[in-house]
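The values are calculated or read from the model by the stated rules, or taken from the named source; none is laboratory data. Quantities reported herein were computed from a predicted structural model and do not represent experimental measurements. All Cβ positions, glycine included, derive from the backbone under ideal geometry; neighbour counts span all protein chains shown. Protein only, heavy atoms only, side chains kept; ligands, DNA and RNA dropped before computing areas. Shrake-Rupley method; radii C 1.70, N 1.55, O 1.52, S 1.80 Å.
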Amino acid sequence: MRLDLAFKPTPVQHLKRLSKEYGFELYVKRDDLTELVGSGNKIRKLEYLFADALRKGATTILTCGGVQSNHARATAYVARRFGLRVVLFLRRGGERENGNYLLDRLLGAEIVEVTEEEYEKIDEVFEEYKGILERKGERVYVIPEGGSNSLGALGYFNVVLELNEQQNLEEFDAIVCAVGSGGTLAGLVAGLNFLGLKLKVLGVNVTKRPASFFVEKVKELVSGMKEYGLQLNVSELNFEVTDEFQGPAYAVPSDEDVAIIKEVASKEALILDPVYTAKAFRGMLQTYENSGKKVLFVHTGGLFGIFAQARRLI
Ligand SMILES: *Cc1c(COP(=O)(O)O)cnc(C)c1O
């Protein structure tokens, strides 16, 4: 039911200098180390989604994202590892000679550029293409934005089981992650619920959608996970989504986000990305500064994004 594509378990690291400086105990789950070209959080979801795709005999994979989508790049990588054709539907705007897009091209992904309006109804666009490809004899498997359906979210349900072997989770007060499509948050929340652990998950929303959208989506995804035979109590999920750290726009860091990337890199040799983890990290520092609490940050990857925004960062 799950392929073994990521290097697991990823390490947990204590950030001693930042902990001292900000007055709380700060640990990082290094999911930026899950792979190299397939790095970040998406490969954990893709372990389940590609198992399903291969079981169903897929020959072509369709997915979508921004031009610099980490999800699209990781999907292209896994598809090519299995010799599958992959078509990426990428929203216009963003650097095209660097970062994730460069890797998509090297991997031989087919790229279809879509407008903002087309992206809003991407399911219809997928259906149309699926029909065309199927008439040519392909077997098409569609992976939703961010790989965030209930099956993909199982990847982060598993991260909680993995963490439970690595650390005494009862000693922690909170887990913090970035929220883009909600699957990572849903998986973490479900895993903690399954183990009966009381710590809360703080999701830092980096999109233009409101927090309420993700609160509903997490509940839906977790409900859907029960279909895989998991005992979950959807009325007792312990999480919160904050809208306070979205910055100027999706994929556009604020000056504070840029400063955080430089500070964390120079003080802890940890590289955050400008789209997701810098915003989430800043949200965590502001929320827990001088609280004395013990907090685990999930570093969800995104390294290639810094190359696509190099001018902003130096
Ligand atoms: C996609 C992504 C996220 C957000 O994860 P979701 O499951 O989509 O909410 C966070 N960080 C990075 C680096 C990502 O690529």
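Need pairs with beta-carbon distance below 7 Å; first residue at negative phi and within region 167-193, second among the hydroxyl-bearing types (Ser, Thr, Tyr) and part of a helix (DSSP H, G or I); sequence gap 6+ or separate chains.
Note: pairs meeting the criteria are CYS177/THR184; ALA178/THR277; GLY183/TYR156; THR184/TYR156; GLY187/TYR156; LEU188/TYR156; GLY191/TYR156.
Identify all residues within region 188-229 that are open to solvent by 10 Å² or more (accessible area, probe 1.4 Å), polar (S, T, N, Q) and within 23 Å of LYS29 (Cβ to Cβ); write none if there are none.
ASN193, THR207
So which residues in region 256-304 are out of contact with any strand residue (DSSP E or B) (no Cβ under 7 Å at 6 or more places or on another chain), under 22 Å from GLY182 (Cα atoms) and in a loop (DSSP other than H, G, I, E, B), if there are any at all?
Of everything in region 256-304, those that are out of contact with any strand residue (DSSP E or B) (no Cβ under 7 Å at 6 or more places or on another chain), under 22 Å from GLY182 (Cα atoms) and in a loop (DSSP other than H, G, I, E, B) turn out to be LEU272, ASP273, PRO274, VAL275, GLY301, GLY302, LEU303.
Return the total of residues in region 22-57 being without any contact (Cβ under 8 Å) to a residue 24 or more places away in the chain and closer than 28 Å to LEU285 by Cα.
Total meeting the criteria: 1.
Go through region 74-118 and give me each residue that's within 24 Å of ILE306 (Cβ to Cβ) and hydroxyl-bearing (Ser, Thr, Tyr).
THR75, TYR77, TYR101, listed by residue number.
For region 6-38, give me the residue count where each residue is open to solvent by 10 Å² or more (accessible area, probe 1.4 Å) and within 12 Å of the ligand (Cβ to nearest atom).
1
Test each condition in (1) free of Cβ contacts under 8 Å to residues at least 12 places away in the same chain; (2) surrounded by 17 or more Cβ atoms within 10 Å (Cβ to Cβ); (3) more than 30 Å from ALA310 (Cβ to Cβ) for LEU232 and report the one that comes out false.
Against the list (1) free of Cβ contacts under 8 Å to residues at least 12 places away in the same chain; (2) surrounded by 17 or more Cβ atoms within 10 Å (Cβ to Cβ); (3) more than 30 Å from ALA310 (Cβ to Cβ), LEU232 comes up short only on (1).
This table checks each residue for (1) among the small types (Gly, Ala, Ser); (2) away from the ligand (no atom under 16 Å from the Cβ).
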residue: LEU197; (1), (2): no, yes
residue: VAL206; (1), (2): no, no
residue: LEU221; (1), (2): no, no
residue: ASN233; (1), (2): no, yes
residue: GLY247; (1), (2): yes, no
